[in-house]
Amino acid sequence: MSKNILAKLKVRTRKNPQDPTAAPLYYLQAVSTGTCDLDRLAYLISNQSTVREPDCLAVLHAFVHNMLDELEQGRIVELGRLGNFQIGVGSTGSVLAEDVSLSNIKRIALNYRPSKH
């Protein structure tokens with residue numbers, strides 16, 4: 001991870017919601033500096049290579065489509081130094097296995113685990 005990440009952090013105070021009388025504590029909080037969409041990524045990639053921007057955009061759209069397809073099939077998608085992505089599910093419990101159904105699902109999330117690099 002880049003050392004420049006420290007420039008994108010802020011110090012914030014927060015109170016303890018479980019103890020309103022406790023003194024607030026200081027925490028680091030990540031600060032967003034904007035967004036970058038597929039069009040921007042295609043533009044950046046095309047300026048760093050001999051590939052034209054529309055071709056880069058087509059590849060990025062195919063990448064997203066195939067990544068979603070692999071995740072839907074239950075696979076972990078490994079993206080090298082970026083890390084891994086996997087579908088996660090949070091559900092409520094049932095006393096009997098036969099009572100478990102899709103209605104037990106409370107949330108579906110895309111889990112991210114950064115690479116060790």
Could we say that S46 is in contact with an Asp or Glu (Cβ under 8 Å, 6 or more places away or on another chain), open to solvent by less than 80 Å² (accessible area, probe 1.4 Å) and among the polar types (S, T, N, Q) here?
yes
What is the one condition in (1) part of a helix (DSSP H, G or I); (2) touching a helix residue (DSSP H, G or I) at 6+ places or on another chain (Cβ under 6 Å) that I87 does not satisfy?
(1)
Breaking point among (1) of a type outside the set (S, T, Y); (2) part of a loop (DSSP other than H, G, I, E, B); (3) touching a residue at least 12 places away in the same chain (Cβ under 8 Å), for V95:
(3)
Being out of contact with any Cys (no Cβ under 6 Å at 6 or more places or on another chain), at pLDDT 90 or above and among the β-branched types (V, I, T): is that true of V77 here?
yes
Given the conditions (1) surrounded by 12 or more Cβ atoms within 10 Å (Cβ to Cβ); (2) over 15 Å from the mean Cα position of the chain (by Cα), and given that Q86 satisfies all but one, which numbered condition is not satisfied?
(2)
Within the range 23-35, the residues that are without any contact (Cβ under 8 Å) to a residue 12 or more places away in the chain and surrounded by 10 or more Cβ atoms within 10 Å (Cβ to Cβ) are P24
Here the residues within the range 60-84 that are among the aliphatic types (A, V, I, L, M), assigned to a helix (DSSP H, G or I) and over 13 Å from L110 (Cα atoms) are L60, A62, V64
Which listed residue is in contact (Cβ under 8 Å) with a residue 12 or more places away in the chain, surrounded by 10 or more Cβ atoms within 10 Å (Cβ to Cβ) and either over 22 Å from N111 (Cα atoms) or not charged (D, E, K, R) (or both), from D39, D55:
D39
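The values are calculated or read from the model by the stated rules, or taken from the named source; none is laboratory data. All of these numbers come straight from a predicted model, not from anything done at the bench. Note that we place each Cβ from the backbone using ideal geometry, even for glycine, and neighbour counts take in every protein chain shown. Surface areas here come from the heavy atoms of the whole protein model, side chains and all, with no ligands, DNA or RNA. Shrake-Rupley method; radii C 1.70, N 1.55, O 1.52, S 1.80 Å.
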